[in-house]
Amino acid sequence: MEPNTARNESASPVRAAQYVRMSTEHQKYSTENQAETLRRYADQRGMQIVRVYADEGKSGLRLDGRDALKRLIDDVSTGRADYTQILVYDVSRWGRFQDADESAYYEFICKEAGIRVHYCAEQFENDGSLSATIIKGMKRAMAGEYSRELSTKVFAGQCRLITLGFRQGGIPGFGLRRLLVDEQKHPKAELAFREHKSLQTDRVVLVPGPDAELATVRRMYRMFVQQGKREAEIAQALNAEGVLTDLGRQWNRGTVHQVLTNEKYIGNNVYNRVSFKLKKKRVPNPPDMWVRSEHAFEAIISSDLFYGAQAIIDARRTFISDSEMLDSLRQLLAEKGCLSGFVIDEAEHVPLSSSYRHRFGSLLRAYQLIGYTPGRDYRYVETNRFLRRLHPDIVEHTIAQLQQVGATVRRDPKTDLLRINDEFSVSIVIVRCFPTNAGFARWKIRLDTAFLPDITVAVRMNATNQSVLDYYLLPIREIDRPRIRLAQDNGIFLDTYRCESLDSFFYLAERVNLRTAA
């Protein structure tokens, strides 16, 4: 055995972390394949992988949404990293940033902290040499260029499918449903909310929904065109009758306006009204850039009624000048003290937020023109309003699931506590996400110390506070503090109580025949 080999075997292994990322590009980039390559690389170099960071199903265009890479950078920059090497499959897994300097910046943060980044599947050694620097710069530029070329190809493919009458993403909307079809448009099955196609060759088209929703859509158009009612009046009438939107929410001026202006209700398939390519700023496109397929779906209302509504809306918009729109916005700001899309859409005397976006390019630009700098408070208020509406739905769904497994549930109308099988009490709380200035997600759980439920079900929301991320089942006997602060990962003590779904909770409440159990 050679002396160098003997010294390497006797020395303690170098501590390393691995970072893996997979979007949906190719099987060779699966996290398992990446991890196997990194393991072999570590074994050959006498390294021990002590930490794993994985972003699965995440685009490499931006840092946003890549929580694992954010944690890695945070651990490195704050000195919490207990390793001196970082192993990555190749340059593209580190990121396909459109600015190659951004990719270099994140690597420089690691280098400055004394931690070296290894690109294990590349043909060059990342040792800081001139040749490595040149090749790495080219690889970074090529990674970004690949995304740009792919974006162009994908957009062309999507436009072709639109012209063929197939739907490209997005919820169907009130009065419509998504139908799964094959390439020849032969029906296969109706897709429920959040269901997706499983075969790449399958397609989706829009079809009319339930008769009650169709009648409501037609009635909305008649109220607007024939009876002269405004969007806010229509929303008020629908809410008074208990009619909810397709998302189970109350109507407002903006949601009614969306129904009155969308061409899908006359069967047209329209695409590219807004551009959001390569994760850049979302911008509205002029009508001549829209991709349209007429009569792609079955119409719900007549063309005469639809274009009658557009004529009213266009005439209303034509007589409002830029200065008048901004004056209305200033007046609303003086009344409310803050502005947001929701605040604008709820106000009767100002144009819709979509009108401001169309006229001035964005709401932020309109805010700048009246000297208003938006803070975060209004977003906080809107999110809280949404979560307050969501809470009773989650509680009712939980009760229904408990009853399905045979449990008895009593709900206290004053405290909202659930009494399960007359054995234990449960409190359900929704925990909103608070992004930090550095872009990391944080959650604060406030436990009910007044009524002391046996179990607190903490429903943790995702980064946008629009859907559920996971659940924490917190027993009062184990949690002795009124507030808990959560990060993405919280150690074994807290994450022991973390669940992807409430199946384990329902299992606790399930009633089992004693003879069957025996």
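Quick notes on this structure:
- Computed log₁₀ I(q)/I(0) - Debye formula, equal Cα scatterers, no solvent, the chain, q 0.07, 0.10 Å⁻¹: -0.56, -1.11
- Contact order, relative form, for the stretch 3-148: 25 percent (alpha carbon pairs under 8 Å, 6 or more residues apart, mean separation divided by residue count).
- Placing R0 at 45 angstrom, the Cβ-Cβ distance between Arg249 and Glu149 gives a FRET efficiency of 0.65 after rounding to 0.05.
- Per DSSP, loop trypsin sites (Lys or Arg not before Pro) in the stretch 50-130 with at most 13 further Cβ within 10 Å: Arg80
- Applying a DSSP loop filter and a limit of 16 other Cβ atoms within 10 Å to the GluC sites (Glu not before Pro) in the stretch 60-139 leaves Glu125.
- By the helix-only formula, in which each DSSP H run with n ≥ 4 contributes -39500 (n - 2.57) and the sum is divided by residues, the chain has a 222 nm mean residue ellipticity of -13000 deg cm²/dmol.
- Pairs beyond 25 Å (Cα-Cα), from Lys188/Lys264; Lys70/Lys444; Lys58/Lys185; Lys58/Lys264; Lys58/Lys139: Lys58/Lys185; Lys58/Lys264
- Computed lengthening from Phe434 to Phe108, 0.36 nm per intervening residue step minus Cα-Cα distance: 114.6 nm
- Percent RCO, i.e. relative contact order, over the chain, from Cα pairs under 8 Å lying at least 6 residues apart: 8
- Whole-Å distance, taken between Cα centres, linking the stretch 386-416 and the stretch 222-268: 29
- At an R0 of 51 angstrom, the distance between the Cβ atoms of Thr261 and Phe506 translates into a FRET efficiency of 0.75.
- Length-normalised contact order for the stretch 164-318 - Cα pairs under 8 Å, 6+ apart - percent: 22
- On full extension, the segment bounded by Val405 and Glu190 gains 74.7 nm, given 0.36 nm per residue less the C-alpha separation.
- Modelled label reach - Asn490, point 7 Å along Cα→Cβ, the stretch 436-463 residues with backbone N closer than 12 Å: 442-447, 456-461
The numbers here are math on the coordinates, done by the rules we state, and not lab data. Quantities reported herein were computed from a predicted structural model and do not represent experimental measurements. All Cβ positions, glycine included, derive from the backbone under ideal geometry; neighbour counts span all protein chains shown.
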